[in-house]
Amino acid sequence: MVQDKERLSEVGLQPDRPSGHIRGIWAITLIVAFSIVVVGGIYFLLWYAPWDTGTSVLTPRKQNLTSDWNTYNDDARGTRFKYPKDWEYKDFTTTIKGVSFFEEDKKDQVESSQWNEIASPPGDIAYYVDTSKNLDGTITAFEKEEPDCTVSDREINDLEAKYLECPVTEGSGTVYYYLFGDEGRTFYLLTDKAGQKARLKLMAETFEFAQVMVTSQTEWSIYTNDKYGYSFEYPADTKPTSGSGSDQPVYELESGQLAQFRYGDKSSFLVATMDYNTNEYSTIEQALGDDLSKWQKTTSVAGETAYKISFTPSTGPGYQDIVRFLHNGRLYEIRGTYGGTESYECGEPIGPPCQSPSSKEEGMENIFNHILTSFKFV
């Protein structure tokens, strides 16, 4: 029955109220409902909301925007990075030898393009390597040749990097660069399109050195030069050089001054001992003399300070790495010649180094690097 509150109050009566135990049930129901809402909210935040592990609930998880991108591997130089999944790329071996990355609908435009030192790189984002300068030397050159560039330091994947913004020398616009350095080389990722800055940054953030010097499957033999007291490792499956008159994998001059072997289809490696200048020099810098500026200091060999130069011979195909160091007053040279199918005019053999040709025989640079790391005096 519905009670009329006004009539009851006129005769001095009060409407019926819920008994004490009913009020208690309502209070408990409200508390339980509130608790369910709170606990459910906390559970959702901890397990389903986009927070990164190890962070507070106030720190959003950084999205991996490159998880489905393709990976570009530069096996010859031991680098890799990602590029957008719907993009393509083209190698360029004109004045600039590099790689252009571009959206699929720009393929025809890129195919018909040339890339030289003056023109902007074709496509959207470009990659190339300068073997003539280390990272500091490259930045110094930018400061001298392009003084209006802004330069900032970056650290990407534990690598020292530089970010540059440089106004276009002729015309309007800006070129954006990410630069990485390694053993006398500078690696470029760049674009002259402001709309590609975000993608350029993402590509740079995936850049890493991935070269494996020696695989677990590689087997090595040891060559020892008794006259000059050194040894180095070379691939165990090396065959004797045809026409050398020797049945040994490593061909040695009778004087002992030269040890050489061939490997792969077109490549060869040698260690030369330069007896003519014994005790003439006290430092490797003195031994390199006027040509010192053309060489880059590299990792030591057998504990000795070493310098490296890389270039393409002025005639003939291929590419060469040369490392020189001094030991007990005697100059030593380790040389790797990687066969290729294309020739590039680069001036004098020991001169301004050229860009490494894309036709360099794959994997041979790893052999050269292993000779350097295994070389020792016994």
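Rule-based calculations on the coordinates, nothing more; no lab input. Computed from a predicted structure; not experimentally measured. Every residue, glycine among them, receives a Cβ derived from its backbone with ideal geometry; neighbour counts consider all protein chains shown.
For every other residue with a beta carbon closer than 12 angstrom to the beta carbon of Glu143, add +1 if it is Lys or Arg and -1 if Asp or Glu, then tell me the sum.
Around Glu143, the surrounding residues sum to -2.
Calculate, in nm to one decimal, what Asp290 and Thr241 gain on full extension: separation in residues at 0.36 nm each, minus their alpha carbon distance.
Taking Asp290 through Thr241 to full extension adds about 14.1 nm, to one decimal.
Within straight cross-link reach of Lys308, meaning Cα distance under 16 Å, which lysines are found once same-chain residues fewer than 8 apart are removed?
Cα-Cα hits under 16 Å: Lys133, Lys294, Lys297.
Quick one: which of 153-163, 197-207 comes out on top by average Cβ neighbours within 10 Å, and what's the full order, highest first?
The most tightly packed comes first, giving 197-207, 153-163.
Between Gln109 and Ile28, what length in nm is gained on full extension when 0.36 nm per residue of separation is reduced by their alpha carbon distance?
Taking Gln109 through Ile28 to full extension adds about 21.8 nm, to one decimal.
For the range 70-209, rounded, prolate or oblate, judged on the Cα gyration tensor with a ≥ b ≥ c (square roots of eigenvalues), a/c < 1.5 rounded, else prolate if a/b > b/c?
Verdict is rounded for the range 70-209.
Given a Förster distance of 35 Å, report the FRET efficiency between Asp265 and Ser152 from their Cβ-Cβ distance, rounded to the nearest 0.05.
The value I calculate is 0.20.
Please report the net charge: other residues with Cβ closer than 11 Å to the Cβ of Lys239, K and R +1, D and E -1.
With Lys, Arg at +1 and Asp, Glu at -1, the neighbours total -1.
Counting Lys +1, Arg +1, Asp -1, Glu -1, what net charge surrounds Phe81 among other residues with beta carbon under 10 Å of its beta carbon?
Local net charge: -1.
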